[in-house]
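Here is the structure we will look at, set down as structure tokens.
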Amino acid sequence: MNEVVDIEVLEDYNIWLKFNDGEENVINFRPFIGDGFTAELLNYENFKKVSIDAGGGIAWENGFDFCPNYLKQLVEQKKRLA
């Protein structure tokens, strides 16, 4: 099962992720925020409050979250496009 074990918020809405299998990658989350309840994450101070949730994904205080399997898919897609 995929799980995020470490994160670091970088500049420009990028987050470095490390998975339990050792894979590391950076994902830009700007395309996912800005509408509805995610608009508050455009405030970078709010965006930086991301954490790893109990299920191994990532989540913000407002309830917006990404499951670890979807994050892994984003990483795999990024690698295929590189």
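Observations, loosely collected:
- Kirkwood estimate for the chain, i.e. one over the average of 1/r between Cα atoms, Å: 12.8 Å
- Partner lysines for LYS79 [C-alpha distance under 20 Å; skip if fewer than 8 residues away on the same chain]: LYS18
- Computed from backbone phi with θ = phi - 60° and the Karplus coefficients 6.51, -1.76 and 1.60, the 3J(HN,Hα) list for the range 6-14 is 7, 9, 8, 7, 10, 6, 6, 6, 9 Hz; x is used for glycine and proline.
- Summed side-chain charge close to GLU40 - residues other than GLU40 whose Cβ falls under 13 Å, Lys, Arg +1, Asp, Glu -1: -1
- The chain: angle of helix 68-81 to the longest principal axis, Cα-based, in degrees nearest 10: 70 degrees
- Relative contact order for the chain: 26 percent, from Cα pairs under 8 Å spaced at least 6 residues apart, divided by residue count.
- Ranked by the mean number of other Cβ atoms within 10 Å of their residues, highest first, the peptides 35-48, 67-80 come out as 67-80, 35-48.
Values in this text are rule-based calculations from the coordinates and carry no lab data. As the structure is a prediction and not an experimental result, all values here were calculated from the model. Using ideal geometry, Cβ is built from the backbone for each residue, glycine included, and neighbour counts are taken over all protein chains shown.
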